[in-house]
Amino acid sequence: MDRKLILYIAMSLDGYIAKKDDNIDFLNIVEVPNEDYGYADFLQGIDTVIWGRKTFDKVVSFGQGVPHQDKAVYVISRTKEGKQEHATFHHDVVDLVRTLKTQSGKSIYCDGGAEIVNELLLHRLFDTVIVSVLPHLLGDGIRLFKEGNTEQNLLFKRAISYPSGLVQLWYEVKKENA
């Protein structure tokens, strides 16, 4: 089973992915023309995207519809069902990921939010963690890594620093008994 679940997400230096009101405007501080921080290359290795409903709603609010037309998109929601464009709503992220990992395909991309990340960490389902750290202290908001999660060893793969101050950290999750 070679299919990997990859967390690919950005956070402030002090560990927040959004303000308390879900505002992510601080991400704009590293916007540089013609710089995607490796995102297009990353997307070539995935065929499935998983978002939490708040993240999905934020992405759709940009007015471009549901992105990733060429990929399976799953949105984790306690209340929504069915589909929106090519995105399918699903209730149980752990069940979904376990099922997807048994199927053939490319890697699976998880982009949050924090509740989804926390649930997947608790069940040790991530294979790779890629975190882009922005040169900004948000001070308060929604933490990427919540307290009380499961301790996990990571194997450092690489760090890429960019002129904007963004530093991208790549880790593989060490599997027990591996």
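Are any of the residues in segment 50-67 among the charged types (D, E, K, R), out of contact with any strand residue (DSSP E or B) (no Cβ under 9 Å at 6 or more places or on another chain), touching a residue at least 12 places away in the same chain (Cβ under 8 Å) and surrounded by fewer than 19 Cβ atoms within 10 Å (Cβ to Cβ)?
no
Going through 105, 112 one at a time, which residue ends up being open to solvent by less than 20 Å² (accessible area, probe 1.4 Å), part of a loop (DSSP other than H, G, I, E, B), in contact with a Lys or Arg (Cβ under 9 Å, 6 or more places away or on another chain) and over 22 Å from residue 176 (Cβ atoms)? Explain how you work it out, then say what you get.
Details: 105 fails: open to solvent by less than 20 Å² (accessible area, probe 1.4 Å).
Exactly one residue qualifies, and that residue is 112.
Quick test for you: out of 14, 47, 22, 36, pick the one residue that is open to solvent by 20 Å² or more (accessible area, probe 1.4 Å), more than 16 Å from the chain's Cα centre (by Cα) and not aliphatic (A, V, I, L, M).
Details: 47 fails: more than 16 Å from the chain's Cα centre (by Cα); 22 fails: more than 16 Å from the chain's Cα centre (by Cα); 36 fails: more than 16 Å from the chain's Cα centre (by Cα).
Criteria check complete, one pass: 14.
Taking into account only those residues within segment 134-174 that are touching an Asp or Glu at 6+ places or on another chain (Cβ under 8 Å) and assigned to a strand (DSSP E or B), which is surrounded by the most Cβ atoms within 10 Å (Cβ to Cβ)?
Kept after step one, since they are touching an Asp or Glu at 6+ places or on another chain (Cβ under 8 Å), are these residues of segment 134-174: 137-139, 142, 154-155, 157, 162, 164, 172-173.
Those left that are additionally assigned to a strand (DSSP E or B): 142, 154-155, 157, 172-173.
Details: 142: 22, 154: 14, 155: 10, 157: 12, 172: 16, 173: 20.
Checked segment 134-174; the qualifying residue surrounded by the most Cβ atoms within 10 Å (Cβ to Cβ) is 142.
Can you tell me how many residues within segment 1-51 are part of a strand (DSSP E or B) and farther than 25 Å from residue 123 by Cβ?
First, pick out the residues of segment 1-51 that are part of a strand (DSSP E or B): 5-12, 16-18, 46-51.
Filter again for farther than 25 Å from residue 123 by Cβ, leaving 12.
Of the residues in segment 1-51, 1 are part of a strand (DSSP E or B) and farther than 25 Å from residue 123 by Cβ.
Of the residues that make up segment 71-94, is at least one without any contact (Cβ under 8 Å) to a residue 24 or more places away in the chain, closer than 25 Å to residue 173 by Cβ and surrounded by 14 or more Cβ atoms within 10 Å (Cβ to Cβ)?
yes
Out of curiosity, is residue 125 modelled with pLDDT of 95 or more and either loosely packed, with under 13 Cβ neighbours inside 10 Å or part of a helix (DSSP H, G or I) (or both)? Spell out the reasoning first.
Values: modelled with pLDDT of 95 or more: yes; either loosely packed, with under 13 Cβ neighbours inside 10 Å or part of a helix (DSSP H, G or I) (or both): no.
Taking the combined requirement at face value, the residue does not satisfy it.
Every residue, every condition in (1) over 13 Å from the mean Cα position of the chain (by Cα); (2) more than 19 Å from residue 103 (Cβ to Cβ), yes or no:
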position: 65; (1), (2): yes, yes
position: 71; (1), (2): yes, no
position: 74; (1), (2): no, no
position: 78; (1), (2): yes, yes
position: 81; (1), (2): yes, yes
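The values are calculated or read from the model by the stated rules, or taken from the named source; none is laboratory data. Quick caveat, the model's predicted, so the values are computed rather than measured. Note that each Cβ is placed from the backbone with ideal geometry, even for glycine, and that neighbours are counted across all protein chains shown. Heavy atoms of the whole protein, side chains included, go into the accessibility calculation; ligands, DNA and RNA do not. Shrake-Rupley method; radii C 1.70, N 1.55, O 1.52, S 1.80 Å.
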